[in-house]
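Here's the structure we're looking at; comments come further down.
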Amino acid sequence: MASNTLSSPNSRWTTKQNKLFENALAIYDEETTDRWYKIAMFVGGTNEVEVKRRYEMLLEDIKDIESGKVPLPAYKRNAGCSKVNISNAEQRLRNLKLN
């Protein structure tokens, strides 16, 4: 199962910092000079080492999800809704598990 380190109680990052981190990753791509420094400044309250470590944990979580170590959540169906819409990506994942 995934380490769940990004949302663990030991994490000192706030929800706002996590969102800023996600946005910063989209803004500062791998080709950006001083990427980790710029992301740390964008997030605030952290440094280059913490930001890079957080990114590495994120990659591990993604790897665990994509390898099937983390099951898809069991969403409750709306009792008043006879038709449930499932995204194409979610349907493909379910089909892969069946094969």
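Residue 22 to residue 70: extension gain in nm, 0.36 nm per residue of separation minus the Cα-Cα distance? Please report the intermediate quantities before stating the final value.
Numbers: separation 48, 0.36 × 48 = 17.28 nm, distance 2.07 nm.
Length difference between fully extended and current span is 15.2 nm.
Separation between the residue 41 and residue 59 pseudo-spin-labels, each 7 Å from Cα along Cα→Cβ, expressed in nm?
Computed distance between label sites residue 41 and residue 59 equals 2.4 nm.
Heavy atoms only, 1.4 Å probe, whole protein assembly: order 64, 29 by accessible area, highest first.
Accessible-area ranking of 64, 29, largest first: 29, 64.
Can you compute 3J(HN,Hα) from phi for each residue in segment 18-29, using the Karplus curve 6.51 cos²θ - 1.76 cosθ + 1.60 with θ = phi - 60°, rounded to whole Hz and x for Gly and Pro?
Result, ordered by residue: 4, 5, 4, 4, 4, 5, 5, 4, 6, 7, 9, 6 Hz.
The values are calculated or read from the model by the stated rules, or taken from the named source; none is laboratory data. Not measured: the values here are computed from a predicted model. As a convention, Cβ positions derive from the backbone with ideal geometry for all residues, glycine included, and neighbour counts pool all protein chains shown. When the accessible area is computed, the model is the full protein with side chains, heavy atoms only, and any ligands, DNA or RNA have been set aside. Shrake-Rupley method; radii C 1.70, N 1.55, O 1.52, S 1.80 Å.
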